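Chemist: Here it is, the structure, as structure tokens.
The values are calculated or read from the model by the stated rules, or taken from the named source; none is laboratory data. These figures come from a predicted structure and were not determined experimentally. Note that we place each Cβ from the backbone using ideal geometry, even for glycine, and neighbour counts take in every protein chain shown. When the accessible area is computed, the model is the full protein with side chains, heavy atoms only, and any ligands, DNA or RNA have been set aside. Shrake-Rupley method; radii C 1.70, N 1.55, O 1.52, S 1.80 Å.
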Amino acid sequence: MLFWIKNAQKVEVLIMDLEFDVKVTPGVLYDFKIQHTYKKPITILATALGFFSIYLSFVREDYKLIFLFLGIVFIVYEPITAAYHSYVQAKLTPAFQAPLHYRLCEEGIEISQNGEVQLAKWDQCVKACNTRKSIFVYTSKVNAFIFPRADLGNQTEDVIAYIAKHVSPDIMKIRF
């Protein structure tokens, strides 16, 4: 449990190991892919170029349809491909067919499924961030543990506090 006092300093509370199950769905993967993709400068630039192209289609008399078409393509390409890839990955990856069991402990994040257990130590975590729907703990630039808030239920604050306790404040980017 995480408590806040009036001057916004957190008070640490002893938390035991946390355990929960997560079902990875296309929606969960889509949330991750969109969050991950729109942090990249090239995607932000492509989206800005898309809006600029649409603006040019209204301002310029020549090539009006070309600018409009290019603008729409630049803006909708990434979300559509992310949705498609999320759906395919969720349906074709065997690990996503059954719920994943997570245990947050002093050593790290333990993930288990079908009798197999893997442990990622806390010092392997390179970033922790979130969206309104999920919490992500990255173990590399592209790999992350995904904790959907819907699956965490009333443990959401406890999970955030546990992560904050074990990772460096420099990599903790979780907004409440």
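Chemist: In the range 97-110, what residues are open to solvent by 40 Å² or more (accessible area, probe 1.4 Å) and touching an Asp or Glu at 6+ places or on another chain (Cβ under 6 Å)? Break it down into steps so the answer makes sense when it comes.
Modeler: Of the range 97-110, the ones open to solvent by 40 Å² or more (accessible area, probe 1.4 Å) are 97, 99, 101, 103, 106-107, 110.
Once the filter is applied, which keeps residues that are open to solvent by 40 Å² or more (accessible area, probe 1.4 Å) and touching an Asp or Glu at 6+ places or on another chain (Cβ under 6 Å), the range 97-110 yields Pro99, His101, Arg103.
Chemist: Please verify whether Ile171 is aliphatic (A, V, I, L, M) and surrounded by 19 or more Cβ atoms within 10 Å (Cβ to Cβ), treating the condition exactly as stated.
Modeler: Spelling it out, it is not the case that Ile171 is aliphatic (A, V, I, L, M) and surrounded by 19 or more Cβ atoms within 10 Å (Cβ to Cβ).
Chemist: Here is a follow-up. Only residues that are hydrophobic (A, V, I, L, M, F, W, C) and buried (at least 20 other Cβ atoms within 10 Å of the Cβ): list them for the range 146-159, please.
Modeler: Phe147, Leu152, Val159
Chemist: Name the residues in the range 77-96 that are more than 30 Å from Phe51 (Cβ to Cβ) and surrounded by fewer than 13 Cβ atoms within 10 Å (Cβ to Cβ), would you? Spell out how you get there, then give the answer.
Modeler: Just the residues of the range 77-96 that are more than 30 Å from Phe51 (Cβ to Cβ), to begin with: 90-96.
Correct list: Lys91, Leu92, Thr93, Pro94, Ala95.
Chemist: Then there is this: Criterion first (among the small types (Gly, Ala, Ser) and touching a residue at least 40 places away in the same chain (Cβ under 8 Å)) does Ala150 satisfy it?
Modeler: Answer is no for this residue.
Chemist: Can you find, within the range 1-39, the residue that is least open to solvent (accessible area, probe 1.4 Å) among those that are of a type in the set (Lys, Arg) and at pLDDT below 90?
Modeler: Ranking the candidates gives Lys10 first.
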